[in-house]
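Here is the structure we will look at.
The values are calculated or read from the model by the stated rules, or taken from the named source; none is laboratory data. None of these values were measured; they are calculated from a predicted model. Here the Cβ is made from the backbone with ideal geometry for all residues, glycine too, and neighbour counts use every protein chain on show. Each accessible area value is taken on the protein alone, full model and side chains, heavy atoms only, with ligands, DNA and RNA left out. Shrake-Rupley method; radii C 1.70, N 1.55, O 1.52, S 1.80 Å.
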Amino acid sequence: MTVERPLDILNNARNKKVIVELKNGKQLVGILKAFDIHINTVLENTEEKENGNTTRKLGNTFLRGDTIIMISPES
Amino acid sequence: MTVERPLDILNNARNKKVIVELKNGKQLVGILKAFDIHINTVLENTEEKENGNTTRKLGNTFLRGDTIIMISPES
Amino acid sequence: MTVERPLDILNNARNKKVIVELKNGKQLVGILKAFDIHINTVLENTEEKENGNTTRKLGNTFLRGDTIIMISPES
Amino acid sequence: MTVERPLDILNNARNKKVIVELKNGKQLVGILKAFDIHINTVLENTEEKENGNTTRKLGNTFLRGDTIIMISPES
Amino acid sequence: MTVERPLDILNNARNKKVIVELKNGKQLVGILKAFDIHINTVLENTEEKENGNTTRKLGNTFLRGDTIIMISPES
Amino acid sequence: MTVERPLDILNNARNKKVIVELKNGKQLVGILKAFDIHINTVLENTEEKENGNTTRKLGNTFLRGDTIIMISPES
Amino acid sequence: MTVERPLDILNNARNKKVIVELKNGKQLVGILKAFDIHINTVLENTEEKENGNTTRKLGNTFLRGDTIIMISPES
């Protein structure tokens, strides 16, 4: 993986499936559509997961960046 | 969905019904009327929900952006 | 309701009764007298409420914006 | 009460008795001597109160603005 | 006490004994040697106190401003 | 170790294994690929650990800087 | 001790042993190698301590400034 700056990994993950960990302990899985320097993030086909189980289907979601711990592209 | 920047999804959701998740664990459902770069947000016909039940009807509400986790337009 | 920017709803609510939700779980009800871009807010004839009951009468109050979750004008 | 901007209420309260609510749940009562745009605040003859009882006499105090929920001038 | 701006009270307290209240509930007592606009603060001969008892002697300490609730010069 | 500025230690750790402590109490171990001045950080071959046990394999991860307590290069 | 500005005490402590208190309640002891205006800090030969006992040896560590309560040079 070649990553000069941290946001490069997010650029490479556009239109791919990512796992997003939130500070409230929940996970969201969806297709990464957009993000900005605050890490405000838009997911498509979002599913909320707790302990590996899908708890809600949320469709398109806007996430405020400061609620995000980690974004991990599916490998 | 075509979304260049995260706020595009909110622009597309103007005058549509959205679900807003707050950091205090509550949900608000209402019509998205306005937002700014801080994600300060105005909803119309706002209903507060906990565990899927409407707990309060709030009419028009101004939400301070830093209390918001997620905004999800109804699909 | 016509609201271009989020602060418009607060401008329209000047000298009217509003409900303010604070991050500490309390509610304040009073007449909105002033606010700024940080959402620092001044209320007149403020009453503090918990679970719908008035717990204190506070007169005029200055609220630091970052303690506010939501401001809802009485409709 | 005429208040154009939120800080006007604090300007009018200089040298008067105010109640300050802190994020840690405590109250301070004292004479408002100074404040700035961060709401850093100086009180004179400060008394710390919990549940209406004076728990400590603190004399002059400097309060960091980000610990303040609310400042209410005694009416 | 004449205090035009909040930091004046700290300027007047240089080289004097102050009590510092921290957001973690602890108190530090020491000689105020320096501070800046973030309220980053240096104390000399610092003692940590809980419930009025000295729990540690810390000598010189640098305190990050955002951990401070209150600074009270000994009168 | 010669370190003029704090970020030098991270520069020296590029492409090396690091332990990252998060504010939510978890640890991540992986290869440091990138970071920026906000300490937004990208790890490769990331493993999540709790109490020394690997709890998840996460592959590549983007970490928002404000969730990080500490980054420690493996010596 | 002559300290004009708070960071002077950290400058004087370079290459000396310091105790760092973190907001998560832990202590780190190590040699101060670098810091910046955000109080991002690098320690060498870092030991993590809880209740006076060494719980981990961490070698070199980068600490994000906003997790630090206090830095105290060993006298």
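Remark: relative contact order (segment C:6-73) = 32 percent; criterion is Cα-Cα distance under 8 angstrom and separation of 6 or more residues. Between E:Lys49 and E:Gln27, E:Leu28, E:Val29, E:Thr55, the built amide H atoms are under 5 Å apart, and every one of these is 5 or more places off in sequence or on another chain. Pairing chains D and C buries close to 1700 square angstrom of accessible surface in total, based on protein heavy atoms and a 1.4 angstrom probe. Peptide C:2-13 is shielded by partner chain Cβ atoms: per residue, an average of 5 of them sit within 10 Å of its Cβ. The residues of the protein assembly as shown expose, per residue, 45 Å² of accessible area to a 1.4 Å probe.
Summing charges over all other residues whose Cβ lies under 15 Å from the Cβ of C:Val29, with Lys and Arg as +1 and Asp and Glu as -1, gives +2. Rounded to the nearest 20, the Cβ-based charge dipole of the protein assembly as shown about its Cα centre (Lys and Arg +1, Asp and Glu -1) stands at 480 debye. Within 10 Å of each candidate Cβ there may be at most 15 other Cβ atoms; applying that plus a DSSP loop requirement, which GluC sites (Glu not before Pro) in chain B survive? Of the GluC sites (Glu not before Pro), the ones in loops of chain B whose Cβ has at most 15 other Cβ atoms within 10 Å are B:Glu4, B:Glu74.
The calculated 222 nm mean residue ellipticity attributable to helices in chain C amounts to -2500 deg cm²/dmol, summing -39500 (n - 2.57) over DSSP H runs of n ≥ 4 and dividing by all residues.
In sequence order, segment B:39-55 has phi-based couplings of 6, 3, 9, 10, 10, 10, 6, 6, 10, 8, 10, 10, 6, x, 9, 6, 9 Hz under the Karplus curve 6.51 cos²θ - 1.76 cosθ + 1.60, θ = phi - 60°, and Gly or Pro positions carry x. Applying 1/(1 + (r/R0)^6) with r as the Cβ-Cβ distance of G:His38 and C:Asn24 and R0 = 22 angstrom yields a FRET efficiency of 0.20.
Report the Stokes-Einstein translational diffusion coefficient (µm² s⁻¹, integer) for segment D:6-73, Rh taken as the Kirkwood radius over Cα pairs, at 20 °C with viscosity 1.002 mPa s. Taking Rh from Cα pairs, D becomes 184 µm²/s. Taking the protein heavy atoms of segment C:6-73 in the context of the full set of protein chains, the accessible area attributed to carbon and sulfur is 44 percent at 1.4 Å. Simple point charges give the picture: +1 on the Cβ of Lys and Arg, -1 on the Cβ of Asp and Glu, and for segment F:6-73 a dipole about the Cα centre of about 160 debye.
Close amide-amide hydrogen proximity is noted between E:Ile69 and E:Glu21, E:Leu22, E:Lys23, each under 5 Å apart and 5 or more residues distant or on a separate chain (H modeled in the peptide plane; Pro and chain starts excluded). Loop-located trypsin sites (Lys or Arg not before Pro) in segment F:7-75 (DSSP state other than H, G, I, E, B) with a sparse environment of at most 12 neighbouring Cβ atoms within 10 Å: F:Lys16.
Simple rule: put +1 on each Lys or Arg Cβ and -1 on each Asp or Glu Cβ in chain G, find the dipole, and look at G:Thr54, G:Leu22, G:Thr67; the Cα lying farthest toward the positive end is G:Thr54. Between the C-alpha center of segment C:1-64 and that of segment G:24-75 there is a gap of 43 Å. A probe of 1.4 angstrom, applied to the heavy atoms of all protein chains, finds D:His38 with accessible area near 100 square angstrom.
In the calculated pair distance distribution of the protein assembly as shown, what percentage of Cα-Cα distances lie above 37 Å? Percent of Cα pairs beyond 37 Å in the protein assembly as shown: 39.
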